[in-house]
1. Kindly evaluate Thr149 against the criterion of being surrounded by 14 or more Cβ atoms within 10 Å (Cβ to Cβ) and out of contact with any strand residue (DSSP E or B) (no Cβ under 7 Å at 6 or more places or on another chain).
2. Give all pairs with beta carbons closer than 6 Å in which a residue from the range 67-84 that is touching a residue at least 40 places away in the same chain (Cβ under 8 Å) meets a residue that is hydroxyl-bearing (Ser, Thr, Tyr) and in a loop (DSSP other than H, G, I, E, B); count only pairs at least 6 apart in sequence or on separate chains.
3. Can you tell me which of Ser121, Ser156 is among the polar types (S, T, N, Q) and touching a residue at least 40 places away in the same chain (Cβ under 8 Å)?
4. The conditions are (1) farther than 22 Å from Tyr42 by Cα; (2) open to solvent by 70 Å² or more (accessible area, probe 1.4 Å), and Thr64 fails exactly one of them. Which is it?
5. Please determine, by comparing only the residues of the range 12-61 that are aromatic (Phe, Trp, Tyr) and modelled with pLDDT of 90 or more, which one is surrounded by the fewest Cβ atoms within 10 Å (Cβ to Cβ).
6. Yes or no: Leu96 open to solvent by 30 Å² or more (accessible area, probe 1.4 Å) and either in contact (Cβ under 8 Å) with a residue 12 or more places away in the chain or not in a helix (DSSP H, G or I) (or both)?
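The values are calculated or read from the model by the stated rules, or taken from the named source; none is laboratory data. If you're wondering where the values come from, they're calculated on a predicted model, not measured in any experiment. A quick note on method: Cβ atoms are made from the backbone with ideal geometry, for glycine too, and the neighbour counts reach across all protein chains shown. For the accessible areas, the whole protein counts, side chains as well, though only heavy atoms, and no ligand, DNA or RNA atoms are used. Shrake-Rupley method; radii C 1.70, N 1.55, O 1.52, S 1.80 Å.
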Amino acid sequence: MNRRQLLKNSVFTAIGLGLSPGIIMSLESCAKERPSSDDPLYFNEEEFDTLWLMANIILPKTETPGAIEAGVPLFMDKLYGEFLEDDEKNKFQAGLKNFMATCENENGEGFLDLDKEAQISYLEKLDNAGAEEEFFKSSKQIILWAYFTSEAGMRSMNYLPVPGRYNGCISIDGEEKNIVGNR
């Protein structure tokens, strides 16, 4: 290879490297709504997408981060995949399958295929149901618990682990025997 060919190839390589992030981003924007980096470890794709959508509807992003930004679906996937006992896993999976089947029976479409308003109304109906709707209520509790114990959830509440101000270096008069609180 001569010098001219080497120079031409290096220019094409530099242009290709410069354009590749934009091309990749434009191709990713055509993908489904859930980012491809959030691949589930325990749940199958449909189950994970259902949990992802439920979490996004229950705690959407506003001026504060939502459940998705806090990593709630991935937390739930890891929780059920690695930390819970088999009977708890089986109970949750059976509830999730029943949730998806009931939605399809009542609406003619799966939860993922419904439009946003129908998804919200279906979840509201389950939320207003009595104690017989155990799966949705327990899922909602786990979503809220996972969000409010995450860093994003703590920041959204302006949580201070130690209330009040701490003054580490204060002077003590020779006459004082003890100090109560900070000055």
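1. On the way: surrounded by 14 or more Cβ atoms within 10 Å (Cβ to Cβ): no; out of contact with any strand residue (DSSP E or B) (no Cβ under 7 Å at 6 or more places or on another chain): yes.
Criteria not met by Thr149.
2. If the second residue must be hydroxyl-bearing (Ser, Thr, Tyr) and in a loop (DSSP other than H, G, I, E, B), the pairs left are Ala70/Ser150; Gly81/Tyr42.
3. Values: Ser121 fails: touching a residue at least 40 places away in the same chain (Cβ under 8 Å).
Only one candidate passes the filter, namely Ser156.
4. Just one mismatch for Thr64, condition (2).
5. My answer is Tyr42.
6. Considered against the rule, which asks whether it is open to solvent by 30 Å² or more (accessible area, probe 1.4 Å) and either in contact (Cβ under 8 Å) with a residue 12 or more places away in the chain or not in a helix (DSSP H, G or I) (or both), Leu96 comes out as no.
A quick yes/no check of all residues on (1) at pLDDT 90 or above; (2) loosely packed, with under 10 Cβ neighbours inside 10 Å; (3) closer than 24 Å to Glu63 by Cβ; (4) not hydrophobic (A, V, I, L, M, F, W, C):
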| site | (1), (2), (3), (4) |
| --- | --- |
| Ser121 | yes, no, no, yes |
| Glu132 | no, yes, no, yes |
| Lys137 | yes, no, no, yes |
| Leu144 | yes, no, yes, no |
| Tyr159 | no, no, yes, yes |
| Arg183 | no, yes, no, yes |
